[in-house]
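K.L.:
Would you mind keeping the following structure in view while I ask a few things?
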Amino acid sequence: MQSTLSADALSLTFAALADPTRRAILARLAQGESSVTELAQPFAISLPAITKHLKVLQRAGLISRGRQAQWRPCKLETAPLRDVSAWVDLYRRQWESRLDRLGEFLQENHPQESNNEG
């Protein structure tokens, strides 16, 4: 099956999600838009470090930055998360199918000893 999602986009998304700080930022943005300063508050890291994390998230398409007068809110973008979910789901279904077939094979060819005890 050919995927419409490019490998580079998927790699960027997984790389962005690999960091716990970035995942925490995304969890915060799931509650609504927020400024960089607001996003930085719960973390014991510098504002420039938070900005670097935001750039990684933005490059992966996971967040966007708006402009409202002097305020530049960060906003969660869910499309890359849906793409990752679809990719993972594809492989989950394939493995479930394979494991189901393996289970059927084992049932047919190697009946459980507990069925003979009784």
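K.L.:
Calculate one ³J(HN,Hα) per residue across region 32-37 by plugging θ = phi - 60° into the Karplus curve 6.51 cos²θ - 1.76 cosθ + 1.60, and present them in order as whole Hz with x for glycine and proline.
P.N.:
x, 4, 7, 7, 4, 4
K.L.:
Multiplying the sequence separation of A69 and V88 by 0.36 nm and subtracting their Cα-Cα distance, what value in nm do you get?
P.N.:
2.9 nm
K.L.:
Quick one: net charge of A86's neighbours, Cβ under 12 Å, K/R +1, D/E -1?
P.N.:
Here the count lands on +1.
K.L.:
Using θ = phi - 60° and the Karplus relation 6.51 cos²θ - 1.76 cosθ + 1.60, list the HN-Hα couplings for region 56-70 in order, rounded to whole Hz, with x at every Gly or Pro.
P.N.:
In residue order, the calculated couplings are 5, 5, 5, 4, 7, x, 7, 9, 10, 10, x, 9, 10, 6, 8 Hz.
K.L.:
If we count every other residue with Cβ under 12 angstrom of A49's Cβ, Lys/Arg +1 and Asp/Glu -1, where does the sum land?
P.N.:
Around A49, the surrounding residues sum to +2.
K.L.:
Find the relative contact order for the chain and round it to a whole percent, using C-alpha pairs within less than 8 Å whose residues are 6+ positions apart.
P.N.:
Averaging sequence separation for qualifying contacts and normalising by length gives 25 percent for the chain.
K.L.:
Still on this structure, I have one more. Let me know the Kirkwood hydrodynamic radius for the chain, please, with Cα pairs as the basis and the value in Å to one decimal.
P.N.:
Computed over the chain, the radius equals 17.3 Å.
K.L.:
Can you list residues whose amide H is under 5 Å from S34's amide H, if they're 5+ apart or on another chain and H is modeled 1.01 Å from N?
P.N.:
Those qualifying (amide H under 5 Å, at least 5 residues apart or on another chain) are C74.
K.L.:
With θ set to phi - 60°, apply the Karplus curve 6.51 cos²θ - 1.76 cosθ + 1.60 along region 8-24 and write out the HN-Hα couplings as whole Hz, x wherever there is a Gly or Pro.
P.N.:
3J(HN,Hα) across region 8-24, in whole Hz: 5, 5, 5, 5, 4, 5, 4, 4, 5, 6, 5, 9, x, 5, 5, 5, 5.
K.L.:
Quick one: if you stick a label point 7 Å off each Cα along the C-beta vector at R59 and W95, how many nm between them?
P.N.:
Distance between label points: 2.8 nm.
The numbers here are math on the coordinates, done by the rules we state, and not lab data. As the structure is a prediction and not an experimental result, all values here were calculated from the model. Please note: Cβ atoms are built from the backbone with ideal geometry, for glycine as well, and neighbour counts cover all protein chains shown.
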